[in-house]
Amino acid sequence: MKPGMAVSTLKTAVGQFFGLLLGAVAVKLLAVLTGPAGVGLYSVLRHLQQMLSSVASIGGQNAVVQGLSSHQGVAKRQFFLSSFYVFVLASLLLSAAILIFADFIAAWIFAGEHASAIRWLVIPIVLGALLFFFRGVLTAEMQFGALSIVTMLTGLGAALVALPIGLVYARGYPNIMVLLLAGGPLLGLIAAFIFVRRQGYFQGLTAVAPSGATWNATVRFLRVALPSLLSLFLTLGSVLIVRSYIVRLYGLEGAGQFDAAWSISAMYLALFLTSLQSYLLPELSQVGAGDEMHSALAKAFHFSLLISLPLITCLVVMKPLIVFVLFSHEFLPSLNVLRWVLIGDFVRVLGWVISTALVARADMKGFALAEGLWSIIFMAMSLLLLSHGLEWVGFAYLVSYVFYLAFLTWRLLTCHGVALEGRRLLYWFGGIVMVALTAWLCWSDRELYSWHFILIFPALLFSFLIMRSDERLFARQLFERFKLRLASFSGRR
């Protein structure tokens with residue numbers, strides 16, 4: 001494992017941690033002030049905003065990262081301007097469409113209610129799309145410290161507005177939830193723009209003139225972005241359909257219970273996977289095919305396994321406490337969904353590493369097919385099983401990621417000639433057996449018992465045993481460096 005991977009991942013993870021912590025504070029305030037129904041409304045509006053921001057950004061930031069990482073000089077500047085103006089044009093067109101079709105969207109999702117809230121979603125949608133773009137630029141430039149600050153400020157913005165919004169909602173104004181979605185990205189967007197300017201972009205009006213964009217650079221951007229857009233639209237769209245179906249069957253309270261399980265999964269995976277991707281995607285975009293690709297992918301898979309196994313096992317054991325701390329006792333029924341989701345997350349981690357490799361190799365067809373496969377299976381199984389209980393959506397999540405991983409492994413082997421090492425696959429199978437066994441032992445618990453902590457130690461021991469000697473030495477050095485900095489900080493206080 002290269003030290004750069006661990007250091008870069010750790011640096012970005014610090015920002016992710018504090019950003020998610022502040023975001024969790026915002027959700028906690030909502031949970032206490034508004035209950036499951038308020039969280040349910042917020043979750044559906046947030047999901048709609050995230051999906052439409054992805055549409056406005058033509059698939060998110062991955063295409064920007066891949067393009068800027070693989071170009072130099074004048075070609076890189078042309079790609080930057082071309083992709084920026086695609087973002088701007090797409091945001092304008094989408095905003096007009098939302099204003100026109102707001103009533104139709106409200107009728108589909110909320111049975112005709114909250115149409116004005118959907119119209120006001122235009123603001124957070126545009127802010128979110130621009131934040132995607134700036135984060136993509138900073139990731140391509142490997143400005144991991146700047147990314148950390150942007151993430152923290154985004155969480156801070158949400159935490160600052162959550163309390164007044166929750167109080168106003170409790171007085172009978174549900175559409176106020178849109179302001180929480182707008183307040184979140186605003187601070188992060190301002191900081192991201194400043195950091196991007198420091199990298200030499202947006203230096204004066206002439207530097208951002210539309211004449212600097214070229215058709216060839218636009219086509220190169222769209223060649224990667226459009227398949228990403230299709231996959232994101234399928235993924236987020238399928239989850240939105242499932243959310244709307246949950247609202248019809250179980251009301252906004254059921255949507256809130258589902259979102260509690262979904263958000264816990266999204267929070268810790270964002271902390272780990274987004275941080276690793278900040279290093280992995282630019283790195284894999286620059287390496288050659290064959291042995292270089294195999295070596296880089298093997299290291300990424302090994303590193304992700306070392307971290308994900310004890311992390312997910314810990315969450316499996318502590319899930320009642322986590323739900324209570326992040327939400328409230330009213331959300332404990334979400335554990336029925338979460339116990340399936342956490343097992344699925346362990347499968348998802350390996351699939352995510354492979355899918356990132358496909359994006360880095362510009363294999364957008366394989367990436368889109370994998371995302372589409374997951375979306376179809378998850379949506380179909382959820383719609384089929386939800387009438388039997390909310391927990392079955394978690395089972396659908398697990399099964400869909402098993403098929404997702406199987407397809408990606410096949411694609412990597414047949415189209416890129418890269419196979420995961422048998423020894424590492426054996427480690428992974430051992431890991432998922434440990435996660436599943438731990439989940440079974442804690443399956444129906446609604447409280448955290450002291451003996452549960454014993455279940456975490458086998459996962460920690462397993463990760464330690466599969467570490468190489470250089471990785472153990474590096475981890476020890478990293479821990480010693482952390483202790484010195486902590487002692488220095490305490491001394492200054």
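The values are calculated or read from the model by the stated rules, or taken from the named source; none is laboratory data. Since this is a predicted model, take the numbers as computed values, not measurements. In this analysis, Cβ positions are derived from the backbone assuming ideal geometry, glycine residues included, and neighbour counts consider all displayed protein chains. Heavy atoms of the whole protein, side chains included, go into the accessibility calculation; ligands, DNA and RNA do not. Shrake-Rupley method; radii C 1.70, N 1.55, O 1.52, S 1.80 Å.
Assuming a ≥ b ≥ c are the square roots of the Cα gyration tensor eigenvalues, decide whether the range 3-213 counts as rounded (a/c under 1.5), prolate (otherwise, with a/b larger than b/c) or oblate.
On the way: a/c = 2.51, a/b = 1.44, b/c = 1.74.
In terms of gyration-tensor shape, oblate.
Let me have the 222 nm mean residue ellipticity of the chain computed from DSSP H runs of 4+ only, each contributing -39500 (n - 2.57), with the sum over all residues rounded to the nearest 500.
That comes out to -29000 deg cm²/dmol.
Per residue, how much accessible surface does the range 3-213 expose to a 1.4 Å probe? Answer in Å², no decimals. Don't skip to the answer; put the middle values down first.
Working: 8260 Å² over 211 residues.
Result: 39 Å² per residue.
Select from Ser57, Ser148, Leu461 the residue farthest towards the positive end of the dipole of the chain; place +1 on Cβ of Lys and Arg, -1 on Cβ of Asp and Glu, and compute about the Cα centre.
Looking along the dipole axis, the top candidate is Ser148.
Counting pairs on different chains as well as pairs 8 or more places apart, how many Lys pairs in the chain have Cα atoms under 16 Å apart?
Numbers: Lys2/Lys11; Lys2/Lys299; Lys11/Lys483; Lys28/Lys319.
Eligible lysine pairs with Cα atoms under 16 Å apart amount to 4.
Apply the a/c threshold of 1.5 to the C-alpha gyration tensor of the range 396-464 and tell me whether it is rounded, prolate or oblate.
Judged from the Cα gyration tensor, the range 396-464 comes out oblate (a/c at least 1.5, b/c at or above a/b).
If Lys and Arg each add +1 and Asp and Glu each add -1, what is the summed charge of the other residues whose beta carbon sits under 14 Å from the beta carbon of Trp262? Working shown, then result.
On the way: positive: Arg46, Arg243, Lys319, Arg339, Arg348; negative: Asp259, Asp345, Glu391.
Taking every other residue near Trp262 into account, the sum is +2.
Taking the mean number of other Cβ atoms within 10 Å as a proxy for protection, how do you rank 208-214, 73-79, 364-370 from highest to lowest? It would help to have the intermediate numbers written out before the result.
Details: 208-214: 13.7, 73-79: 15.7, 364-370: 20.9.
Ranked by mean Cβ neighbours within 10 Å, highest first: 364-370, 73-79, 208-214.
For the range 346-404 and the range 132-209, what is the separation of their Cα centres, given in Å?
Rounded to whole Å, the Cα centres lie 29 Å apart.
Over the chain, with every protein chain in place, what whole percent of the accessible area is carbon and sulfur at 1.4 Å, could you tell me?
Numbers: 14570 of 20670 Å².
Heavy-atom surface of the chain belonging to carbon and sulfur, 1.4 Å probe: 70 percent.
Considering Cα pairs under 8 angstrom that are at least six residues apart, work out the relative contact order of the chain and quote it in whole percent.
21 percent
By average Cβ neighbour count within 10 Å, what is the ranking of 301-309, 254-262 from highest down?
On the way: 301-309: 21.4, 254-262: 27.6.
Final packing ranking: 254-262, 301-309.
Please identify the helices of the chain, taking whole runs of DSSP H, that span at least 15 Å along their own axis as judged from the Cα atoms and have a mean Kyte-Doolittle score of 1.0 or higher. Let's see the in-between values first.
Values: long enough: 3-56 (45 Å, 1.09); 73-110 (49 Å, 1.69); 122-140 (27 Å, 2.17); 144-170 (39 Å, 1.90); 177-198 (34 Å, 1.88); 215-269 (49 Å, 0.91); 275-286 (18 Å, -0.05); 291-326 (47 Å, 1.48); 335-360 (36 Å, 1.52); 364-385 (31 Å, 1.55); 392-416 (35 Å, 1.20); 422-441 (29 Å, 1.12); 456-466 (16 Å, 2.56); 469-492 (35 Å, -0.55).
Membrane-span-like by this rule: 3-56, 73-110, 122-140, 144-170, 177-198, 291-326, 335-360, 364-385, 392-416, 422-441, 456-466.
Place +1 on the Cβ of every Lys and Arg and -1 on the Cβ of every Asp and Glu in the range 3-213, take the dipole about the Cα centre, and give the residue among Ile194, Ala129, Ala26 whose Cα lies farthest towards its positive end.
Of the options given, the answer is Ile194.
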